[in-house]
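Undergrad: Please see the structure below; I have some questions.
Please treat every number below as a calculation from the coordinates, not as lab data. Please read these numbers as outputs of a predicted model, since none were measured by experiment. Neighbour counts run over all protein chains shown; Cβ positions are idealised from the backbone, glycine included.
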Amino acid sequence: MRFLMLFLFIFFISFSFSLLIFSLNFSFASYSESDYQLQLRWGTEGTENGEFMIPHSMVFDSEGNIYVTDRENHRIQKFTSDGMFITKWGTEGSGDGEFSSHAHGVTKDSFDNIYITDRFNNNVQKFTSDGKFITKWGTFGNGSGQFNEPHSSIIDRHGNVYVSDMNNHRVQKFTSDGKFITKWGTEGNEDGEFRLPLGIGIDSKGHIFIIDQATSSINQFSNEGKFLNKINFNFGSLEDIEIDSNDKIYVTDRNKNEILKFSKLSN
């Protein structure tokens, strides 16, 4: 009996100590995972400087300034990285420097020129970093250089602009001043085909990655449109894609409220 009691006592002490160690480790782990804290927030609903009505997309320039597409205000707002308002441009309309309620994608080139993909105006507009209109291209249609609700754009190291032409189920490539170069894609589920291409990204080799929403896949192409590879996964409804400097791929899944990270596809 004494031996049994001693055994139970030792077991209880060991178990309690193990629980203590586990609790400490869990606390430390939880603490390390909560090291990221909100540093700054700005904006509220409204139409004044620094206020938003559905901010949609943003991009940084080489000086760290942030450009935000302010959809329902039909404008672009520019801020410092600390949220200080710098300038804005745009109003509702279809003329030069005007936007619909779906000024969707925003990207920049190596000169910090800003490109806005306007889904309902079916065009791409190019501006200086302080909002001066430079040029635009695109009209509604399915011919070369025309769009049917363009969604996003990206720029390669040579300044060429790639646009996901959503309802035409294709990607179009242009020079930096809007001259048509090439296009690829048609409606379908096979390799090189699309059904609602949305987000678009580019890796360090210049390969183009396209989110295809209806087929829930990520499609990889050369910069001339040659199909290279595809990621099929248990996605819900993919929306956007970003590729970091190490060619890691990040995608947003709006149905599952997730961000997924992938290693780069093989060549």
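Undergrad: Only one of these is among the hydroxyl-bearing types (S, T, Y) and within 17 Å of D191 (Cβ to Cβ): S245, S237, S222, S204. Name it.
TA: S222
Undergrad: From the set of residues in the range 69-90 that are touching a Gly at 6+ places or on another chain (Cβ under 7 Å) and assigned to a loop (DSSP other than H, G, I, E, B), which is nearest to E51 (Cα to Cα)?
TA: Restricting to residues being touching a Gly at 6+ places or on another chain (Cβ under 7 Å) and assigned to a loop (DSSP other than H, G, I, E, B), the top hit is H74.
Undergrad: Among residues belonging to the range 220-267 that are basic (K, R) and either part of a loop (DSSP other than H, G, I, E, B) or touching a helix residue (DSSP H, G or I) at 6+ places or on another chain (Cβ under 6 Å) (or both), point out the one that is surrounded by the most Cβ atoms within 10 Å (Cβ to Cβ). Outline the logic, then answer.
TA: First, pick out the residues of the range 220-267 that are basic (K, R): 226, 230, 248, 254, 256, 261, 264.
Keeping just the survivors that are either part of a loop (DSSP other than H, G, I, E, B) or touching a helix residue (DSSP H, G or I) at 6+ places or on another chain (Cβ under 6 Å) (or both) gives 226, 248, 254, 256, 264.
On the way: K226: 12, K248: 13, R254: 12, K256: 13, K264: 18.
Across the range 220-267, the extreme among qualifying residues is K264.
Undergrad: Which of (1) in contact (Cβ under 8 Å) with a residue 24 or more places away in the chain; (2) within 27 Å of E48 (Cα to Cα); (3) out of contact with any Ser or Thr (no Cβ under 8 Å at 6 or more places or on another chain); (4) among the small types (G, A, S) is the odd one out, the single condition S144 does not satisfy?
TA: Of (1) in contact (Cβ under 8 Å) with a residue 24 or more places away in the chain; (2) within 27 Å of E48 (Cα to Cα); (3) out of contact with any Ser or Thr (no Cβ under 8 Å at 6 or more places or on another chain); (4) among the small types (G, A, S), only one is false for S144: (2).
Undergrad: I'm checking my understanding of the structure. Among residues of the range 106-119 that are among the hydrophobic types (A, V, I, L, M, F, W, C) and in contact with a Phe, Trp or Tyr (Cβ under 9 Å, 6 or more places away or on another chain), which one is surrounded by the most Cβ atoms within 10 Å (Cβ to Cβ)? Steps first, answer last, please.
TA: Within the range 106-119, the first condition is being among the hydrophobic types (A, V, I, L, M, F, W, C), and the residues that meet it are 106, 111, 114, 116.
Filter once more, so that each one left must be in contact with a Phe, Trp or Tyr (Cβ under 9 Å, 6 or more places away or on another chain): 106, 114, 116.
Details: V106: 19, I114: 22, I116: 25.
The extreme case among them is I116.
Undergrad: Residues of the range 212-246 being over 17 Å from Y162 (Cα atoms), free of Cβ contacts under 8 Å to residues at least 40 places away in the same chain and of a type in the set (S, T, Y), which ones?
TA: Matches in the range 212-246: T215, S216, S217, S237.
Undergrad: Being surrounded by fewer than 19 Cβ atoms within 10 Å (Cβ to Cβ) and closer than 25 Å to Q213 by Cβ narrows it down to one of S152, S101, so name that one.
TA: Being surrounded by fewer than 19 Cβ atoms within 10 Å (Cβ to Cβ) and closer than 25 Å to Q213 by Cβ holds for just one of S152, S101, which is S101.
Undergrad: Name the residues in the range 157-206 that are in contact (Cβ under 8 Å) with a residue 60 or more places away in the chain and surrounded by fewer than 16 Cβ atoms within 10 Å (Cβ to Cβ), would you?
TA: Residue satisfying the conditions is K205 alone.
Undergrad: Right, here's the next one. Which ones in the range 91-118 are at positive phi and either outside any loop (DSSP other than H, G, I, E, B) or without any contact (Cβ under 8 Å) to a residue 24 or more places away in the chain (or both)?
TA: Selection gives G93 alone.
Undergrad: Any residue at all in the range 169-176 that is under 22 Å from I259 (Cα atoms) and not in a loop (DSSP other than H, G, I, E, B)?
TA: no
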